[in-house]
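The values are calculated or read from the model by the stated rules, or taken from the named source; none is laboratory data. What you are looking at is a predicted structure, and each value in this text was computed from that prediction instead of being measured. Positions of Cβ are backbone-derived with ideal geometry, glycine not excepted, and every protein chain shown enters the neighbour counts. What goes into the accessible areas is simple: the full protein's heavy atoms, side chains included, and nothing from ligands, DNA or RNA. Shrake-Rupley method; radii C 1.70, N 1.55, O 1.52, S 1.80 Å.
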Amino acid sequence: MPERESSCVGLNEPRLVVRKFLARPQHEGVGAIVRRSIGRFELRHFDPFLVLDEFSVTAPAGFPDHPHRGFETVTYMLQGAVTHEDFDGHKGTIGPGDLQWMTAGRGIVHSEMPAAQGTQKGLQLWINLSSKNKMIEPRYQEISSKDIAEATKDGIKVRVIAGEALGTKSPIYTRTPTMYLDFTLEPGAHLQQPVPESWNAFVYVLEGEGTFGRLKSSPVNAHHLLLLGSGDGLEAWNKSSKLLRFILVGGEPLCEPLVQFGPFVMNTQEEIDQTIDDFENYANGFEKARHWRSESGLTLDF
Ligand code: FJE
Ligand code: FE
């Protein structure tokens, strides 16, 4: 029997698209605009993912002082720059192609504000933490664009934000096992990307038009989120005459109870009550919020 071509990457059971959402612009923060897909009413969570926002901010709009507890925020810049500043003195600016992987753990209070003229664009993904990791010390992993691992093959370019693709690995440590790949496919390119069978996975289209799951399915364009069904990987084709860019994100579901109150995500209502108490009383990780204000001096209501 002839061997299957490149059997090490061939897929036995490609995942099909089971749901498709168009992320429409909505207001968030102070004057900012986000296209929210995961996290909106019709798609409250997609375990372990809580929110996916494609954001667009133009000064003086932004996301001034606000807290987080119990999950991670992953900010990937597409255009322009954002300055972040937290209550522990951690401060920096991320520009085009840069990544900030922030594990809020027991608590971060920070601001995220535009740092350049014009419109700043990017993606922010919120990844839930398991009960045993919700109260860990906060941690940042930051990678500038030039240091993000890239690989190219057969008309496919991938930027490996987390996980592995085309034999290239990201150095990012994911506490909730996660893969995050930024693919660009030239016209005619065909992708087969393994995704662990037990993981939930989705595609979000950034640019161009792509065919996902099966060759005969109708093409999907920018700002659409596609939830993938079960299987061992994703097959995608660029049947158009322009570049196709999308992210493929997968994660191991936590399968735990979840109670969310804005930027606090815990397992039980008691833990949420405790978190609100901690935040109001500057306790259990929120101590440094007592005397801290960002340069913006504003506070985000939630
Ligand atoms: C937040 C409202 C918010 N999406 N995308 C309430 F807007 C935010 C928030 C963000 C955010 C920040 C960036 Cl840089 C990009 C975002 C929501 O900061 F955390 C709460 N609680
Ligand atoms: Fe934030």
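Considered as a group, the residues in the range 157-178 that are open to solvent by 10 Å² or more (accessible area, probe 1.4 Å) and assigned to a strand (DSSP E or B) include one that is nearest to LYS91 (Cα to Cα), and that residue is ARG159.
Counting only strands (runs of 3 or more DSSP E) that sit completely within the range 68-148, those holding 3 or more residues that are surrounded by 19 or more Cβ atoms within 10 Å (Cβ to Cβ) correspond to 71-79, 82-86, 99-103, 108-114, 119-128. Number of residues in the range 33-69 that are within 19 Å of PRO96 (Cβ to Cβ), β-branched (Val, Ile, Thr) and under 18 Å from the mean Cα position of the chain (by Cα) equals 3. Can you give me the number of residues within the range 38-95 that are under 20 Å from ILE136 (Cβ atoms) and of a type in the set (Gly, Ala, Ser)? Adding up the residues that qualify gives 2.
Of everything listed in (1) more than 30 Å from VAL18 (Cα to Cα); (2) touching a residue at least 60 places away in the same chain (Cβ under 8 Å), the single unmet condition for VAL82 is (2). Here ARG175 fulfils each of the conditions (1) away from ligand 1 (no atom under 16 Å from the Cβ); (2) more than 15 Å from the chain's Cα centre (by Cα); (3) charged (D, E, K, R) apart from (2).
Which condition does GLU150 not pass, out of (1) of a type in the set (D, E, K, R); (2) within 20 Å of the chain's Cα centre (by Cα); (3) under 19 Å from PHE71 (Cα atoms), if it passes all the others? Condition (3) is where GLU150 drops out.
A quick yes/no check of all residues on (1) within 16 Å of ligand 2 (Cβ to nearest atom); (2) surrounded by 21 or more Cβ atoms within 10 Å (Cβ to Cβ):
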{"residue": "GLY10", "(1), (2)": "no, no"}
{"residue": "ARG15", "(1), (2)": "no, yes"}
{"residue": "LYS20", "(1), (2)": "no, no"}
{"residue": "ARG40", "(1), (2)": "no, no"}
{"residue": "LEU43", "(1), (2)": "no, no"}
{"residue": "LEU50", "(1), (2)": "yes, yes"}
{"residue": "VAL57", "(1), (2)": "yes, yes"}
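Of all the criteria given as (1) outside any strand (DSSP E or B); (2) of a type in the set (Val, Ile, Thr); (3) within 15 Å of ligand 2 (Cβ to nearest atom), the one not satisfied by VAL34 is (1).
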